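The values are calculated or read from the model by the stated rules, or taken from the named source; none is laboratory data. As the structure is a computational prediction, the values presented were derived from the model and not from experiment. For neighbour counting, all protein chains shown are included, and Cβ atoms are generated from backbone atoms with ideal geometry for every residue, glycine included.
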Amino acid sequence: MLIANLFAPVDAFDHWIQAQVQAGRHPVLEPLMRGASGIGRPTIVLGSLFVAALVTGGPGLATARTVLLALAPTNLVVEGLKRATQRARPDGRTQRKNASFPSSHAANAFALACALTTFRPRWRIPCLLLAALIAWSRVYLNRHFVSDIVVGAAIGVGFGVWAAHWAAGAGRRWIGSGLAPGAPAEPPRT
C-alpha cells in the first residue's frame, strides 16, 4: 500500500500523458511510429548484427560482441522487472511475461545505441535519436507509459555504457577482430 501511494503521482502523470498522446494521434504519423517500433524486434537487431559481422569482418565482430554483451544483462533485468511488477499496459492488456514496466524496446534501443557508438562516435547523435524515436513510438502506439520507457532507457544506457567500457578496458582485445576498442590505431605498414 505504501509503495502504491509513493508511485501514485507517477501513475497519474503517466495516464495524463497517455490521454494527451492518444488524443493527438494523427494518421500521417502511424506508419512512422509502427516502423520505428518494428525496428526494435529481436530478429531485426540480431540479423543486422550478423550481417554487419559478415560484411565488415573483424570490426563488425567486435561491435556485435559488445552489443550482445550489453543486450544480455539488459534483457535479464527488464524481463525480471516485468515479471515482478506485472504492470498492465495502457491498452489494458495484462500478461505476466509481457508486462508494461519497463519497456524492453526502449531498453534494447538505448543499450544498442550506447554500445554501438563506442566504435562509431560520429553515429552517437543519430543512434540516440533513433533510440528515442523507438521508445516514444511505444507510448504513441499505446503499448507503454512514459515511466516505462524512461526506466527502460535508463537500464539500456547503463548496460550499454558498461559493455562499451568493459570492451575498451585495459588490455582487452577482441581476439581476431582487428579492432581493439579504445586502443590506438595501428601505424600504417611500410
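Annotations for the structure displayed:
Per-residue answers, yes or no, for (1) at pLDDT below 80; (2) of a type in the set (Lys, Arg); (3) closer than 20 Å to residue 161 by Cα:
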position	(1), (2), (3)
53	yes, no, no
61	yes, no, yes
64	no, no, yes
67	no, no, yes
71	no, no, yes
102	no, no, yes
108	no, no, yes
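- Within the range 112-166, considering residues that are modelled with pLDDT under 90 and of a type in the set (S, T, N, Q), the one surrounded by the fewest Cβ atoms within 10 Å (Cβ to Cβ): 117
- Any hit, the range 124-142, residues being free of Cβ contacts under 8 Å to residues at least 24 places away in the same chain, among the β-branched types (Val, Ile, Thr) and not in a loop (DSSP other than H, G, I, E, B): yes
- Complete set of residues in the range 117-153 that are farther than 17 Å from residue 33 by Cα, out of contact with any helix residue (DSSP H, G or I) (no Cβ under 6 Å at 6 or more places or on another chain) and hydrophobic (A, V, I, L, M, F, W, C): 123, 125, 150, 151
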